[in-house]
Amino acid sequence: MRTLKFLLRKEFKQIFRDKGLLPLIFIMPMIQLLVMPLAANFDVKNVNVAIVDHDHSTYTQQLVNKIGASGYFRIANYSDSYKEALHLVEHEKADIILEIPQNFERNLIRENNQKVFLAADAINGVKGSIGSAYLTTVLTDFNSDVRLKWVQPQRLGAVSTIGIDYSNWFNPLMDYHKFMVPAILALLVTMVGGFVAALNIVREKEIGTIEQINVTPIKKWEFILGKMIPFWLIGIFDFTLGLLIARFVYGIIPVGSIATLYLFVSVYMIALLGFGLLVSTYSSNQLQAMFVAFFFMMIFILMSGLFSPVENMPQWAKVISNLTPVTHFVEVMRMIVLKGSTFANIKKQFFIEIIFAVVLNSWAIWNYRKTS
Amino acid sequence: MEEKAIICKDLTKQFGDFVAVNKISFEVDSGEIFGFLGANGAGKTTAMRMLCGLSFPSSGEATVAGFNVFNQQEKIKRNIGYMSQKFSLYENLSILENIEFFGGIYGLSDRQLKEKGEELVNTLRLQKEAKKMVGELPLGWKQKLAFSVAIIHKPKIVFLDEPTGGVDPITRRQFWDLIYKAADDGITVFVTTHYMDEAEYCNRISIMVDGRIDALDTPTNLKKQFSAETMNDVFYELARGAKRSDN
Ligand SMILES: Nc1ncnc2c1ncn2[C@@H]1O[C@H](COP(=O)(O)OP(=O)(O)OP(=O)(O)O)[C@@H](O)[C@H]1O
Ligand SMILES: [Mg+2]
């Protein structure tokens, strides 16, 4: 325990004396959180929808009007040819195709159930997926209108549903910031924690100071813990700053419990830092560690459902996605912040993160060699 | 009779096909100053790292302070100090902070740390620089500090890998005063050097050539054995046959 005290004291002194590291840890993430949502926001206000209508009922007309009036969409085309719509997507004139099948109105009223089809441009993935998410909300909204209008008193409990691809959209105000800010915050905490941890031990290898450490009787877990705790605190600090920015700049107040959020982030940070330290123990210089960390971080982030929903991925990609700690974090961030999920709802993800934390850190401790 | 500080028998280190250290055998008595000589690339650092528990030997056997280098490395580490060839204290910590950190890791109490800090700063005459970052110090002072840190916990044996490399003659002289002081305190000294005048300061020396130990004795006996005037001539006689050399 006493050894740990000296390790921590030394680590903090070094962090606060590193003029290159400080802005990277404290300022850059904040600037990104301020700039990234604003920059991306403009794009998503003008999602071009091509509507393929095979029904031509008053009902579809109402739906089209509603989409147009939402303020986020531009109706790029309205026809009854899917081919024509696809052509527009190919020429980047449309981002999303909404296909309304024949007898849409009739089926919805009679059978209480009707599917529409949604296809999003995969090239401009962000616009496509966020646009689809918005559109889903419009459709859900429209659907409840339907029920109000058509449902008979004795069938009040029944809800007619429009089946669509995107099931877990939970941002009723259709506010892009609400959708992206929690995820970007997750991304920033991940980047800062992952890279800083990955570069740290390997740096001691590069400048040779690890040799002087390795020749002392220090325990391996003490050394790793001495590296872990400072970065864990930095991660929690960054996360808190991010929440404050979300609150005061974007007006986002987590719907769910803050305590649950912090509990989850605490465990997630341990898992993530374990990953970083593991990369560090396998690398022999900072450049190598940087590339390895970058390689995995890219996969983690792209596969995390941050930009494109996990449920739209092919099966193999879903498997990979579930094998990264970031995916579960992004999911839980959105669940707690937007949906107000409780601990019971995120229990599964929580235990998955615990497993990641235990495995990655044990691996890092095991792979850190005092005798090579 | 005193127990042996280091016993080394057929100790070998291979990197792939390359045999960096080839079956070296020797013993070092407690309290001795043992010089470990050899040309560049002879295998001194590699051998020393095995003895310090930093590197697994490929074969052979060795004990340091009575502990086995194959499976008791952590016990060895509690009984030795090590100063590596490349300066490896923290350059962005001050002298006192380095002393506190390494002393703390070796389990010194707060009072001991404070005393050590003051004592070292006084003997090294570094009062003015005590709060300066170590990276700003001249090399000679860095080396002295590294040595002081290596013996901060009063180890049984201290390993010094070219402690005076690149340092001016006056500072080298002062450095050897520190070594003698440590030896007087009962610390066994295992030291490598390329300076033959320093070899003369050792009780016994070994000379490594291409991974093997080709000679081992007191400086006086070695000069007799090779019928040479100076240690320089002895070294030259042996190292001439070396195939492995950086220069
Ligand atoms: N990790 C390694 N992998 C492969 N070869 C190595 C490794 N470490 C050292 N060597 C080789 O082993 C040989 C001995 O190196 P070593 O550093 O022990 O020599 P040295 O006697 O300390 O030389 P110097 O006086 O230059 O410090 C050299 O040829 C070196 O290239
Ligand atoms: Mg060497």
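The values are calculated or read from the model by the stated rules, or taken from the named source; none is laboratory data. Computed from a predicted structure; not experimentally measured. Don't worry about glycine lacking a Cβ; one is built from the backbone with ideal geometry, like all the others, and counts go over all protein chains shown. The area values use the complete protein model at the heavy-atom level, side chains included, leaving out ligands, DNA and RNA. Shrake-Rupley method; radii C 1.70, N 1.55, O 1.52, S 1.80 Å.
Couple of notes before you dig in:
- Distance between the modelled labels on B:E115 and B:K75, one decimal in nanometres: 2.9 nm (7 Å Cα→Cβ projection).
- Shape of the range B:87-216, Cα gyration tensor, a/c cut at 1.5: prolate
- A:L244 exposes around 90 Å² of accessible area when a 1.4 Å probe is run over every protein chain in place.
- For chain A, the relative contact order comes to 18 percent (Cα pairs under 8 Å, sequence separation of at least 6).
- Over chain A, DSSP H runs of length four or greater, each weighted -39,500 (n - 2.57), average out per residue to a 222 nm ellipticity of -21500 deg cm²/dmol.
- The range B:25-83-the range B:109-154 distance, computed between alpha-carbon centres (Å): 25
- Taking all pairs of distinct alpha-carbon atoms in the range A:1-90, Kirkwood radius in angstrom: 18.1
- Remark: the B:D29-B:T218 segment gains 66.7 nm on full extension, using 0.36 nm per residue and subtracting the alpha carbon distance.
- Of the GluC sites (Glu not before Pro) found in the range B:1-67, those in coil by DSSP whose Cβ has at most 16 other Cβ atoms within 10 Å are B:E2, B:E3.
- Working from label points 7 Å from Cα in the Cα-to-Cβ sense, the A:Q288 to A:K5 distance is 3.7 nm.
- Summarising the strand pairing of the protein assembly as shown, around 45 percent of its internal DSSP beta bridges are antiparallel.
- 0 to 90° range, to nearest 10: angle between helix B:95-105 axis and chain B longest Cα axis: 70
- Solvent exposure of chain B, expressed per residue, is 45 Å² of accessible area, with all protein chains present and a 1.4 angstrom probe.
- Among beta bridges identified by DSSP and lying wholly in chain B, the antiparallel ones come to about 55 percent.
- Leaving ligands and nucleic acids aside, the A/B contact buries around 2700 square angstrom of accessible area in total at a 1.4 Å probe radius.
- Ranking by accessible area, most exposed first, for A:H87, B:H194, A:H328, B:H153 with a 1.4 Å probe: A:H87, B:H194, B:H153, A:H328
- Volume per residue of the convex hull around the Cα atoms, evaluated for the range B:6-246, comes out as 124 Å³.
- If the chain linking B:N122 and B:H194 were pulled fully straight, counting 0.36 nm for each residue of separation and taking away their Cα-Cα distance, it would gain 23.0 nm.
- A Gaussian network model of chain B, with springs between Cα atoms under 10 Å, assigns the largest mean-square fluctuation among B:D29, B:D161, B:D177 to B:D177.
- Surface composition of chain B: carbon and sulfur make up 48 percent of the accessible area, probe 1.4 Å.
- Listed residues A:K227, A:K83, A:K66, most fluctuating in chain A (Gaussian network, C-alpha, under 10 Å): A:K83
- Choice from A:N107, A:N200, A:N361 showing the highest fluctuation, given a GNM over chain A with Cα pairs closer than 10 Å: A:N107
- Sites A:N322 and A:Y262 - FRET efficiency at Förster radius 30 Å, r taken between beta-carbons, to 0.05: 0.80
- The range A:208-338 - convex hull of alpha carbons, volume per residue in Å³: 136
- Percentage relative contact order, chain B, counting C-alpha pairs under 8 Å, at least six apart: 26
- The accessible area of B:W141, taken with all protein chains in place and a 1.4 Å probe, comes to roughly 80 Å².
- Given 16 as the ceiling on other Cβ atoms within 10 Å, longest exposed-site-free region of chain B for trypsin sites (Lys or Arg not before Pro) in DSSP loops: B:133-239
- The protein assembly as shown pair-distance distribution - Cα-Cα, 10 Å bins, rounded %: 3, 14, 19, 17, 13, 10, 9, 7, 5, 3, 1, 0
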